[in-house]
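Computed from the coordinates by the stated procedures, all read-outs in this text should not be read as laboratory data. Source: prediction; values computed, not measured. Ideal geometry is used to build each Cβ from the backbone, glycine not excepted, and the neighbour counts take in all protein chains shown.
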Amino acid sequence: MSVNRNPKTGLWDVQVWYRTYEGARKKKHRRGFKTKSAGRDWERQFLLRANGSPSMSFADFVGLYKEDVRPLLKRNTFLTKAHILDTKLVPVFGEMKLNEITPSDVLRWQGRLGDATNPKTGRKYSMTYVRTVCNQLSAVFNHACRYYGLGENPMRQVGKIGKRDADEMQIWTVEEYGCFSEAIMDKPQAFTAFEVLFWTGIREGELLALTPGDFDFRKGLLRITKSYQRIRGEDVITPPKTPKSNRVIAMPDGLAEEVEEYIALFGVGDGERVFPFTKSFLYREMGRGCKRSGVKRIRVHDLRHSHVSLLIDKGFTALAIADRLGHEAVDVTYRYAHLFPSVQRDMADALQNLRGDGK
């Protein structure tokens, strides 16, 4: 290890030897430090990071953490995570040593986060987003505990603020959807896209990734094998959200006919996207259709909730609905429990019959 002044530039250069995680010995050379102390500071932090020491700065550990998790995540998921880390966490904890961040530090940060506002809208962050940011901080500490010798996650004592599902779920009835769809019939692309969303319950990304080969019109089936994202101006096709999201969905006959006619009308070729636009188009058309029809404004994703509501109302089980949605049955039971109003009453009646006390 050495920190020496470069006679040609007058700046300080650093050379340091270290071992990789595979045990190989390597040399790192970094040039251009204005002072010797700056070079030594970089050398010290580099070795802490190379050795995976929990005494490295939070900012340096975040860099290491991102390198570790990037290969494990979808591109869009990683970019979302990295944005939160870089904009919400590093500015606060960046210069602090990882193993010196205390529960009280986290508690004070949570207080500020709960009161913070979105600079774009001027409104407070939703409780769902606040919970997401807290989850990201906890994930960093858990990673450090699991792989880099950090003794304890300071968030364990503090807990997380925000709510997992704070955004209120809104639902359209068939009648409300009918009014909306009639209002957007002047745009066949929008009309057909919303028809598929409402009557199949698929996600927006799954809809936008569909190609003609995903439809079996003879059998009335729709195969979900991929998802669409618009990432930094680039169209990206990825696997679906979860392995269970790979599924085959039966379509109503009328819907299958509509989609088949639409593909023929627009001459969609094999391998081309049936709906060649982005989520922004869907959001704009949702607003336009709600305004023209007068039905209450809901999110595009709420069409998925509306689909579930229809299936529950028709008496289908959580397991059957989960298979159609690409969810686990327990998730459907948890998320849509309030839409199963008769279950508790039915249980009580069944138990009363077993009591046999004549009441």
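Annotations
- Listed candidates [x] 49, 29, 20; [y] 41, 21, 18; [z] 33, 25, 17 - label of the one calculated as semi-axes √(5λ) of the Cα gyration tensor in Å: [x]
- Using alpha-carbon coordinates, inclination of helix 58-69 to the longest axis of the chain, degrees: 50
- Dimensionless Rg over Rh [the range 158-272; C-alpha; Kirkwood]: 1.02
- Förster radius 51 Å - calculated FRET efficiency between D86 and R292 (Cβ-Cβ, nearest 0.05): 0.80
- Electrostatic dipole magnitude of the range 149-268 [Cβ: Lys, Arg +1; Asp, Glu -1; Cα centre; debye, to 20]: 940
- Neighbourhood net charge (11 Å Cβ-Cβ; Lys/Arg +1, Asp/Glu -1) for S138: +3
- Cβ-based net charge around I184, under 15 Å, with every Lys or Arg adding one and every Asp or Glu removing one: 0
- Pairs with C-alpha atoms separated by more than 20 Å, drawn from the list K187/K241; K28/K97; K241/K291; K241/K314; K124/K296; K66/K97, are K187/K241; K28/K97; K241/K291; K241/K314; K124/K296.
- Within straight-line cross-link reach of K244, lysines at Cα separation under 17 Å, skipping those fewer than 8 residues along the same chain: K74, K226
- The smallest convex shape that holds all Cα atoms of the range 52-167, its convex hull, gives 106 Å³ per residue.
- Sorted by Cβ density within 10 Å, fewest first, the residues L221, L208, L311: L221, L311, L208
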